[in-house]
Amino acid sequence: MLRCVPRRLLATKACSPGDVMKATRVFTREDLDAWARLTGDANAIHARPVPPFEAPIVPGLLLAATFPAVFARHHPGAVYRTQSLRFDKAVPVGAEVLSEIAVGAVRETRAGAFATCATTLRLAATDALCVSGSARLWLPFGGDDGNG
C-alpha cells in the first residue's frame, strides 16, 4: 500500500509515483581520461576506436553514474541503495545522452521513504536506448536518530 510521504524527510522534497526526472550530458575525451585515472579502467575501447566501434565508447558504469546524480539534483539527501543495469547500446564519446528516472512506487518506513524507480539512458539524437534498469533510493527522515 502506498502512503503519502511526510514533509519531514531529510531530502528537500518528497517524490511521488509518476514523478520523472531528466538530465542531459555529453561525455568528453577528458571525462574518459579522468575515469581511467580514477578507476584504472584502461580498456582500449574507451581510449580509441576499436572494431566494431567507430569511436571510443563511454564506460557503462560512467553512464550509470548519471542516475544517482539526476536523483540527487531533485532530492538532495537521498541515498542511492541499489541499481540493476542492462547495457543495450554503446555510447560514443561526444554524443549527447538523456538520463531519465521514473518513480514507480514509494513506501514509507520508520527510517524514511523508499522509492523504486525505472532508469533509462538514451542517445538524445536518435532516442536509442543505451542503458536500462531499476533503482531503489532511500529518502531518510530528518533528525539525529533517523526516525524524525
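Residues that are open to solvent by 20 Å² or more (accessible area, probe 1.4 Å) and touching a residue at least 40 places away in the same chain (Cβ under 8 Å) number at least 3 in the following strands (runs of 3 or more DSSP E) confined to the range 74-133: 79-87, 96-109. Would you please name the residue that is surrounded by the fewest Cβ atoms within 10 Å (Cβ to Cβ), looking only at residues in the range 53-73 that are farther than 29 Å from Ala14 by Cα and touching an Asp or Glu at 6+ places or on another chain (Cβ under 8 Å)? Checking each candidate, the answer is Pro59. Taking the range 1-28 as the range and being among the basic types (Lys, Arg) and either on the phi > 0 side of the Ramachandran plot or modelled with pLDDT of 95 or more (or both) as the test, the residues that pass are Lys22, Arg25. Within the range 53-63, the set of residues being of a type outside the set (A, V, I, L, M) and not in a helix (DSSP H, G or I) comprises Phe53, Glu54, Pro56, Pro59. When the range 14-52 is limited to residues that are touching a Pro at 6+ places or on another chain (Cβ under 7 Å) and outside any helix (DSSP H, G or I), the one that is most open to solvent (accessible area, probe 1.4 Å) turns out to be Arg48. Is one or more of the residues making up the range 101-114 in contact with a Leu (Cβ under 7 Å, 6 or more places away or on another chain), at pLDDT below 95 and on the phi > 0 side of the Ramachandran plot? Yes, some residue in the range 101-114 is in contact with a Leu (Cβ under 7 Å, 6 or more places away or on another chain), at pLDDT below 95 and on the phi > 0 side of the Ramachandran plot.
The values are calculated or read from the model by the stated rules, or taken from the named source; none is laboratory data. Just so we're clear, the structure is a prediction, and the values are computed from it rather than from any experiment. Note: ideal-geometry Cβ built from the backbone for every residue, glycine included; neighbour counts use all protein chains shown. For accessibility, only protein heavy atoms count, side chains too; no ligands or nucleic acids. Shrake-Rupley method; radii C 1.70, N 1.55, O 1.52, S 1.80 Å.
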